[in-house]
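Asker: Here's a structure for you.
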Amino acid sequence: MASSLLFNPHTYDPTHFDPETRRLLRATIDWFEDRGKRRLIEDYRSRAWLGDFLAFAAKERLFATFLTPASAAADEDQRWDTARIAALNEIFGFYGLDYWYAWQVTVLGLGPVWQSDNTAARSRAADLLSQGEVFAFGLSEKTHGADIYSTDMLLEPDGDGGFRATGSKYYIGNGNAAGLVSVFGRRTDIDGPDGYVFFAADSRHPAYHLVKNVVDSSKFVSEFRLEEYPVAPEDVLHTGRAAFDAALNTVNVGKFNLCTASIGICEHAMYEAVTHAHNRILYGRPVTAFPHVRRELAEAYVRLVGMKLFSDRAVDYFRSAGPEDRRYLLFNPMTKMKVTTEGEKVVDLMWDVIAAKGFEKDNYFSQAAIEIRGLPKLEGTVHVNLALILKFMRNHLLDPIDVPAVPTRLDAADDAFLFRQGPARGLGSVRFHDWRPAYDAYAAVANVARFREQADALCEFVSTVAPDEEQSRDLDFLLSVGQLFALVLHGQLILEQARLTDLDESVLDELFSVLVRDFSGHCVELHGKDSATERQQQWALDAIRRPVVDEARSAQVWQRVEALSGTYEMAL
């Protein structure tokens, strides 16, 4: 019962997937388990390059099967299937974020290629994948970061239809080994957006100069420089505004992977933390006998369950997206921003319990405590993604439309729309289904009902005391509002997935008691903002609620947490 909501390598059997997907997921788990915990930790500690892992992935054609869309496929098992990609993200996160990172930047590197009409480049990418090569995404720069308007990667026309590219890129994963690097730059002969170019480079070319790994990690996050790199016409992936759109749409695809990686990290750390705490005796009692320990571990558990429920439901919207249904553009930054920051909270709660044990070099937890910090900061900061979701707030809360319900999407289909998303604009026109029925379905659950009061209060805020024009330029204030909106969205998809999976209501009630406290905490924060008006301050105080306390419910959830002790331990 307890472990059924969490990934457990010993019992994992994804029967909802096709046979080849199940085989590859199981083979990946077995590779890590056979390698053992001691070797896994030593490779992390010594910053070893992931050659053995990439050799395994090449032998099994793992990346080629999961990351080749049907339009470029050589066999029937190849497709871009977000459901099974999410499952693999979770597995990689569970064993080590370094492995996930090599995969993640391959996803990003492929984005501009699969969006391109350049058949030669697409064929080349498919061939490289089949050979087990990894890919890279050359967007960020040392001076400008991801500000692609200011790119200093310059392409000078060579007179034969191609270019000579000169410039450097920074924070580029796999830049040491990528068979193909998708590089963003601008032409020297055309000003403005029409001069943008995305092109394919090879890290092994003599004009490609690897400078260094900018982090102290197995993740090879490179700085590289191109010096008069020859860009032939067949290397050009996108030009003009299409190159700009390809950059943003690639990030849309890639950022989705962060949530399930965060979930995997938290799951492995939770097995270690609960097992340690439950078997450690202090003052003649197990550590888990202390009320504050039970509260912290139970809160970590329900937050983790919420992360999984939200992310699983978001997969359905991602896979069901199309030109007329772009709701994924809201739920996608939510997976990146909200789920990953929840992951930080989960690890922090467990770390407060196990204390010094969390630093020990022989445990997975010590690397989990470090790596969980990175995910909220990749593919756009929390602040950037909060600002993004605010663009959807009024339409989502106040102006729903009738649309067919999105089903659970575990079918073996190719998610082709992700590579034809089109222009990266028009966010204000995206419309949503009514969020209230998800809450109505659980109106009898005490803390869902209590949180619904707060969600309704947020609608009142938007309708009556929303920021005026001047206040709308105060990003610090707006981000507090964004946190409140994010909580309502988080709760909505959690409830939708709970209904689809028949989640135990005691777990749901305990989770929403946490969300009620979170909402109240952000109300207090908003109340204290410098620019908050008197009416907004009063609204914030009026929206604060106390969760409904139920000792029997809390005891039921604790039994689930306690039962995790000894459920999984990685062999040495």
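The values are calculated or read from the model by the stated rules, or taken from the named source; none is laboratory data. Every value quoted in this text rests on a predicted model; they were computed, and no experiment measured them. Cβ coordinates were reconstructed from backbone atoms using ideal geometry, including for glycine residues, and neighbour counts include every protein chain displayed. To get the accessible areas, we keep the full protein, side chains included, count just its heavy atoms, and leave off ligands, DNA and RNA. Shrake-Rupley method; radii C 1.70, N 1.55, O 1.52, S 1.80 Å.
Asker: Only one of these is assigned to a loop (DSSP other than H, G, I, E, B) and acidic (D, E): D509, D530. Name it.
Answerer: Testing whether each residue is assigned to a loop (DSSP other than H, G, I, E, B) and acidic (D, E) leaves just D530.
Asker: Right, next: Between residues in the range 199-224 that are without any contact (Cβ under 8 Å) to a residue 12 or more places away in the chain and β-branched (V, I, T) and residues that are assigned to a strand (DSSP E or B) and open to solvent by 20 Å² or more (accessible area, probe 1.4 Å), which pairs lie under 9 Å by C-beta distance while being six or more apart or on different chains?
Answerer: Every condition considered, the pairs that remain are V215/Y171.
Asker: Is it fair to say R545 is farther than 25 Å from K308 by Cα, assigned to a loop (DSSP other than H, G, I, E, B) and basic (K, R)?
Answerer: Yes, satisfied.
Asker: Being assigned to a helix (DSSP H, G or I) and among the acidic types (D, E) is the filter; apply it to the range 273-328 and report the residue that is nearest to R517 (Cα to Cα).
Answerer: E299
Asker: Of all residues in the range 438-491 being in a helix (DSSP H, G or I) and of a type in the set (F, W, Y), which is nearest to V514 (Cα to Cα)?
Answerer: It comes out as F451.
Asker: Something else about it: Which residue pairs have Cβ atoms closer than 7 Å, lie 6 or more positions apart in sequence or on different chains, and pair a first residue in the range 520-543 that is over 14 Å from Q483 (Cα atoms) with a second residue that is among the charged types (D, E, K, R)?
Answerer: Correct list of pairs: S531/D474.
Asker: Restricting to the range 507-522, and then to whatever is small (G, A, S) and out of contact with any Asp or Glu (no Cβ under 9 Å at 6 or more places or on another chain), can you tell me which residue is most open to solvent (accessible area, probe 1.4 Å)?
Answerer: G521
Asker: Which of the residues that make up the range 543-572 are within 30 Å of P467 (Cα to Cα) and surrounded by 12 or more Cβ atoms within 10 Å (Cβ to Cβ)?
Answerer: A543, I544, R545, P547
Asker: Here's a check for you: in the range 138-194, which residue that is small (G, A, S) and touching a helix residue (DSSP H, G or I) at 6+ places or on another chain (Cβ under 7 Å) is farthest from F224 (Cα to Cα)?
Answerer: Once the filter is applied, the top-ranked residue is G161.
Asker: Would a scan of the range 309-329 turn up a residue that is farther than 25 Å from R373 by Cβ and aliphatic (A, V, I, L, M)?
Answerer: yes
Asker: Within the range 284-328, can you find the residues that are in contact with a Leu (Cβ under 6 Å, 6 or more places away or on another chain) and surrounded by fewer than 21 Cβ atoms within 10 Å (Cβ to Cβ)?
Answerer: The answer is E296, and nothing else.
Asker: Of all residues in the range 1-48 being open to solvent by less than 10 Å² (accessible area, probe 1.4 Å) and among the small types (G, A, S), which is nearest to Q78 (Cα to Cα)?
Answerer: G36
Asker: Given (1) closer than 17 Å to S140 by Cα; (2) over 28 Å from the mean Cα position of the chain (by Cα); (3) surrounded by fewer than 24 Cβ atoms within 10 Å (Cβ to Cβ), where does T239 come up short, assuming only one miss?
Answerer: (1)
Asker: Could you check L515 against (1) free of Cβ contacts under 8 Å to residues at least 40 places away in the same chain; (2) closer than 17 Å to R303 by Cβ and say which number it fails?
Answerer: The failed condition is (1).
Asker: Here is a further query. Could you please find all residues in the range 460-480 being under 27 Å from the mean Cα position of the chain (by Cα) and within 11 Å of T533 (Cβ to Cβ)?
Answerer: F477
Asker: One residue is enough: does the range 418-428 have a residue meeting the conditions under 26 Å from T501 (Cβ atoms) and surrounded by 15 or more Cβ atoms within 10 Å (Cβ to Cβ)?
Answerer: Yes, the range 418-428 has at least one match.
Asker: Can you report the number of residues in the range 356-388 which are more than 30 Å from L139 (Cα to Cα) and open to solvent by 50 Å² or more (accessible area, probe 1.4 Å)?
Answerer: Of the residues in that region, 6 qualify.
Asker: Before we move on, is A457 under 30 Å from H144 (Cα atoms), open to solvent by less than 20 Å² (accessible area, probe 1.4 Å) and modelled with pLDDT of 95 or more?
Answerer: Spelling it out, it is not the case that A457 is under 30 Å from H144 (Cα atoms), open to solvent by less than 20 Å² (accessible area, probe 1.4 Å) and modelled with pLDDT of 95 or more.
Asker: Ok, one more. Cβ-Cβ below 8 Å, separation at least six or inter-chain, first residue in the range 172-186 and at positive phi, second aromatic (F, W, Y) and buried (at least 24 other Cβ atoms within 10 Å of the Cβ): which pairs?
Answerer: Within 8 Å, the pairs are N174/F135; N174/F220.
Asker: Can I ask one more? Filter the helices (runs of 4 or more DSSP H) completely within the range 330-426 down to those with at least 1 residues that are at pLDDT below 95 and at negative phi.
Answerer: Where helices (runs of 4 or more DSSP H) fall fully within the range 330-426 and carry at least 1 residues being at pLDDT below 95 and at negative phi, they are 382-390.
Asker: Just to verify a result, which residue in the range 249-283, among those that are closer than 21 Å to D362 by Cα and open to solvent by 10 Å² or more (accessible area, probe 1.4 Å), is modelled with the lowest pLDDT?
Answerer: Once the filter is applied, the top-ranked residue is I281.
Asker: Counting only residues that are open to solvent by 50 Å² or more (accessible area, probe 1.4 Å) and part of a strand (DSSP E or B), which one in the range 180-221 is nearest to T250 (Cα to Cα)?
Answerer: R186
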